[in-house]
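Quick notes on the structure that follows.
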Amino acid sequence: QVQLVESGGGLVQAGGSLRLSCAASGRTLSSYSMGWFRQPPGKEREFVAAISWGSAATYRADSVKGRFTISRDNAKNTVYLQMNSLKPEDTAVYYCAASRGTIGTLTSGRDNYWGQGTQVAVSS
């Protein structure tokens, strides 16, 4: 079984930064696409960013381009989301995801492993 555990969430002022981490256990995920989704209060879950198993390909939602960076360390089975210039609209529960398929498969959300989520709150 694959377990994904997020950490690094919290409360931050607008313009600040946070780094989220997602540690995988149970299986090595060196061949998995990994990424992040988020669910703002009262809204549907949305895709944030994804990275291929070899880190050769990354994709970010338009809303976070230029502000968020996704990276991974396969030796540590960990994926990161560096979030800079945070805005109040970034407030959400952030979920780590992993897929044995491509980035396209992961972003669909239909066949992913999921973490439990970590809360990010950005104040004005």
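Since every read-out is calculated from the coordinates, none of them should be taken as a lab result. In this text, all values refer to a predicted model and were calculated from it rather than measured experimentally. A quick note on method: Cβ atoms are made from the backbone with ideal geometry, for glycine too, and the neighbour counts reach across all protein chains shown.
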Collect residues whose amide H, placed 1.01 Å from N in the peptide plane, falls under 5 Å from the amide H of Gly16; neighbours closer than 5 in sequence don't count.
Leu86
Would you mind checking which residues have amide H under 5 Å from Thr91's amide H? H placed 1.01 Å from N; only 5 or more apart, or other chain.
Val122
What is the packing order of peptides 44-57, 83-96, 4-17, taking the mean over residues of other C-beta atoms within 10 Å and listing the highest first?
83-96, 44-57, 4-17
Vicinal HN-Hα couplings computed from phi for region 95-106 (Karplus, 6.51 cos²θ - 1.76 cosθ + 1.60; Hz; Gly/Pro x):
10, 7, 9, 9, 9, 6, x, 7, 4, x, 5, 4
Report the full-extension gain for the segment Gln3 to Asp62: residue separation times 0.36 nm, less the Cα-Cα distance, to one decimal in nm.
18.4 nm
Spelling out what I want: for every residue of region 31-46, take phi, set θ = phi - 60°, compute 6.51 cos²θ - 1.76 cosθ + 1.60 (Karplus), and round to whole Hz; glycine and proline get x.
9, 9, 6, 9, x, 9, 10, 8, 10, x, x, x, 10, 7, 5, 9
Once phi is turned into θ = phi - 60°, what whole-Hz ³J(HN,Hα) does the Karplus curve with 6.51, -1.76 and 1.60 give for every residue of region 2-17, x standing for Gly and Pro?
9, 10, 10, 10, 8, 8, x, x, x, 9, 9, 7, 3, x, x, 10
Can you give me the long-range amide H partners of Val64? Hydrogens built in the peptide plane at 1.01 Å from N, cutoff under 5 Å, separation of 5 or more residues or another chain.
none
From the C-alpha gyration tensor of region 12-119, pull out the three semi-axes of the equivalent ellipsoid (sqrt of 5λ each), sorted largest to smallest, in whole Å.
22, 14, 13
Rounded to the nearest 500, the 222 nm mean residue ellipticity computed for the chain from DSSP H runs (n ≥ 4, each -39500 (n - 2.57)) alone is -1000 deg cm²/dmol
